[in-house]
Structure formats: C-alpha cells, structure tokens
1. Just the ratio, please: alpha-carbon radius of gyration of region 36-123 over 2.2 N^0.38 Å, N its number of residues.
2. Based on the mean of other Cβ atoms within 10 Å per residue, sort peptides 208-217, 94-103, 165-174 so the most packed one is first.
3. Show log10 I(q)/I(0) for region 38-246 at q = 0.07, 0.09, 0.13, 0.14 Å⁻¹, two decimals, from a solvent-free Debye sum over equal Cα scatterers.
4. Near LYS156, which lysines are there with a Cα under 26 Å away, not counting those fewer than 8 places off in the same chain?
Amino acid sequence: MIVSNLSVLSCRRTNSALCLSAVDGHLDASSSYRTLSPTGHLLVAVCLGFIGSLGFLNNLLVLVLFCRYKVLRSPINFLLVNISLSDLLVCLLGTPFSFAASTQGRWLIGDSGCVWYGFANSLLGIVSLISLAVLSYERYCTMMGSTEADATNYRKVAGGVVMSWVYSLIWTLPPLFGWSRYGPEGPGTTCSVDWTAKTANNISYIICLFIFCLIVPFLVIIVCYGKLLHAIKQVMRIKSCCRSDTDEDSLKSLPSQTCTCITTEVSCS
C-alpha cells in the first residue's frame, strides 16, 4: 500500500500525534517488505520464470502421457497425476502473478488478489504433500500385502485423492474466516499465511499448520519408505543366504561328480 504525501502533510500541519503515529506505523509496515534491490527482484523474476515454465511443461507432459497411453492408467499412477495436476495449477494460478510482481518490484493485483494467491498456493501445496504421503502408504500396502494388487480397482486411490483435497481445504479455509490471515510475505511480491504476527490467534494456526500439514505427512512418508527399505534388505539378505547355501552344496557334490565322470570315461575306453 502507498500512503499519499498529502495525507502525511495534513497530519504534520495539524500536529496530531495519533495521526502521525498511525502514518509512521503504516509506512514502516509497507516498507518492511521492500528488502530487495531492483537487481534482486530481477533475479527472482528470472528464477520464477524458469521454474514456472519448466514445471508447466513437465507436468503437462505427465498429464498428456497419462491420457494418451492406456497402459499408464494404473491406480498408483492416478496419485501421480493428482500431484502433477496440483503442481500444474500452481504454475498457472500462482507463478505468473509472483513473476509479474517481481518484474515490477511490488504486488500488482491488490489485497483481494493477495488473499486469493495465498489461499490457492497453500491449498495446492498441501494437496501435493498429502498426495505424496498417500502414495507412500499405498506403495507400502502394495508391497507388504499378502495378495496381489488389483490393477483395476481405483476406489481406494480415488478415496485418497479426494481425502487430499478435503484435508487441504480444512487447513487452508480458516484464514479466510478469521483464524490467522493471508497477506504479503518476503519482499512483498508474494502472499501467504501471515508468518510474522505475534498474536495468539495467528501463532496457534501456524503451529497447527506446521504439525498437521508438514510433520504428520512427512512422518508418514518416512515410516512407510523406511519399512519398505527394511523389508527389501531382509529379502536381499535371505536371497544371499540361499545363494551361498546353493554354492556350498555345489562344491560338496563336485568330488562325487568328478569321480563319476572319470569312471564313465574309463568304462567307455
């Protein structure tokens, strides 16, 4: 936001302490986001342009391949498509606005646009993270299950996809209704949850967001892949033991096989 010079001059002429303190506080709040030089904003814009373009092309390619080749339409790949879709939407609904803001050094689409940007990016980011957690759990169940996975059963995976979106909405809608808020962050060219406010309302939301949208899915991923790795190591150990036993049996039977071959050769001669 920009405070007009006329407002500042009128406050100084009236010598109102309350007015001057309000204006100074507003100027400090707005200037706190101006932490990058023009060169810094340009560098950020270049990075965002590269990441946005590459992310858009890669995720679009994944969706095109999934739609074109029927062999790829397995339940486990449906989760990968959900991740690619959410990442593609970030490239379409988020990156262009932050890229444009970085080229100009300021936010361009107002307070409502800032709220929308913060909500959309938070929603899609959490969807991707929860989908990764669901994917790790699905792979764990598939590998450790006693029965062969059904390649035509999409019900369980579809439930995981719906759950990822509903779970993300549960944690990204509250700032729209008063539990914390969405606002500018960093140099003022992007928007997200208000990480700086020290109120109990804001701190409680950030703690819950950190626990349930970062720690919990991260632990699910670590536990599932950790157990899979442990199971693979056990299988490899069993195979190596069986291979060594087979080699020992072969060595033990080698003398008798040699004698048999010699006896046969002598008899034939």
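Nothing in this text is a laboratory measurement; each read-out follows from the coordinates by a stated rule. Remember, it's a predicted structure, so these values are computed and weren't measured experimentally. Backbone-built Cβ (ideal geometry, glycine too); neighbour counts: all protein chains shown.
1. Values: Rg = 15.8 Å, N = 88, 2.2 N^0.38 = 12.1 Å.
In units of the globular-protein estimate, region 36-123 measures up at 1.31.
2. Details: 208-217: 14.7, 94-103: 20.0, 165-174: 16.6.
In decreasing order of mean packing, 208-217, 94-103, 165-174 become 94-103, 165-174, 208-217.
3. -0.30, -0.47, -0.87, -0.96
4. Hits, sequence-local ones excluded: LYS70, LYS227.
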